[in-house]
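Encoded as C-alpha cells, the structure appears first; notes follow it.
The values are calculated or read from the model by the stated rules, or taken from the named source; none is laboratory data. The structure presented is a predicted model; accordingly, all values stated were derived computationally and were not measured. Cβ coordinates were reconstructed from backbone atoms using ideal geometry, including for glycine residues, and neighbour counts include every protein chain displayed. Just so you know, the surface numbers come from the protein's heavy atoms only, side chains and all, with ligands and any DNA or RNA stripped out. Shrake-Rupley method; radii C 1.70, N 1.55, O 1.52, S 1.80 Å.
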Amino acid sequence: MTDWLAAILLGLIEGLTEFIPVSSTGHLLLLREALGLQGRNWNTFVVMIQLGAILAVISVYFAKLWKVLMGLPTRPEARHFAISVLIAFLPSLVAGVFLYDFITRILFETPQVICIMLIVGGFLLMAVERFAPQPQHFDAMKLTWKTSLLIGLFQCLALVPGVSRSGATISGSILLKLEKPAAAEFSFFLAIPTMVGAFAYALLKEYETMDFSFGWVIGLGFLTAFVAGLAVVRFLVNFVGQYGFTPFAMWRIVVGTVGLLAIWLY
C-alpha cells in the first residue's frame, strides 16, 4: 500500500475514534500492524496526527474557549475552569514523561495487549453504563478541582494503548457523578492540553531521528484526522445523550476479539 493511501486511512481512523471511547491509538496501531507499516516514522505519525483531531475540538468549541480565555483576567469562573482542566492534565503529563519510552517502544509494538485492553475496556464501559450512580453534576465547566484531579488520574490509564483516553475520562467522570453529556464535553476540553502535550513531547523526543521527507505523509494524515474529527465532535454529545456508551463498548469487544483471532491464526 502506498504511503499516501495509508496516511488517509490512518487519519480517518484517528479522527473517527479519538473522541469516542474505543481507543484511537489502539485502532491506529492495529491497523498499522495489519497494513505492515513498521518503523519509527509510523510510530511518530500515530502520535502527531492526533493534533489534527484536537484542532477539530478547538474549532467546534472556539467561541466558548475564547470566552474563557478573554475572561481569565476578570472572571473567577473562567479562571476556575482553566485551572480545573490544567489540574486534570497534570497526572498524565507526569506519567507520560516517565513512561514515554516504555509505551512507544514496548506497548506500541504489542498488539495482543491492545486487543485485550479493548475487550476488557468494553466490558468495563458496559458495567459503568449499567451501574452508574445518579448524576449530580451537569456542567463540564463548573467541576471542583478535586473532581478534576480524579478525572485526570483516570486519564492516566489511557497511557496503555487500547484503554482509550476518552473512555477512561468519560467513565471516570460518570463514576464521579457527572451527567453523560457533561462527561463527554469535559473529555473534549481535557483532550486539548493532553494531545497538544503528547504532540510536542513526541516531536521533542523523535526530532533527531525523524525523516522529514515523511512530513507530507504526516500532513496528509493530520488533515484527514481534522476533517473526520470535526464530524464526530459535532454529533457525539447528542449521540451519547440519546444512546449512551453501550454501542461503543460492543464495538471495542468485537474489534479486540477479531484482532486476537487474527494474531492467533496468522
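Per-residue answers, yes or no, for (1) farther than 21 Å from I58 by Cβ; (2) touching a Phe, Trp or Tyr at 6+ places or on another chain (Cβ under 8 Å):
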position: V160; (1), (2): yes, no
position: R165; (1), (2): no, no
position: I170; (1), (2): no, yes
position: V196; (1), (2): no, no
position: A200; (1), (2): no, no
position: V237; (1), (2): no, no
position: G256; (1), (2): yes, no
position: A262; (1), (2): yes, no
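In the condition set (1) outside any helix (DSSP H, G or I); (2) in contact with a Lys or Arg (Cβ under 8 Å, 6 or more places away or on another chain), Y100 is compliant with all but (1).
Among what's in the range 237-266 and is aromatic (F, W, Y) and in contact (Cβ under 8 Å) with a residue 24 or more places away in the chain, pick the residue that is least open to solvent (accessible area, probe 1.4 Å). It comes out as F245. Would you say E14 is of a type in the set (D, E), open to solvent by less than 20 Å² (accessible area, probe 1.4 Å) and either without any contact (Cβ under 8 Å) to a residue 40 or more places away in the chain or under 14 Å from A158 (Cα atoms) (or both)? Answer is no for this residue. Of note, V196 does not satisfy the criterion of being under 19 Å from L16 (Cα atoms), aliphatic (A, V, I, L, M) and at pLDDT below 85. Only residues that are crowded, with 23+ Cβ neighbours inside 10 Å and farther than 21 Å from I116 by Cβ were counted in the range 19-41, giving 1.
Going by the conditions given, is T110 open to solvent by 30 Å² or more (accessible area, probe 1.4 Å) and either more than 20 Å from the chain's Cα centre (by Cα) or within 17 Å of S166 (Cα to Cα) (or both)? Here the answer is no, as T110 does not meet what is asked. Only helices (runs of 4 or more DSSP H) whose full extent lies in the range 126-236 are considered here, and none of them has at least 3 residues that are in contact (Cβ under 8 Å) with a residue 12 or more places away in the chain, open to solvent by less than 30 Å² (accessible area, probe 1.4 Å) and charged (D, E, K, R).
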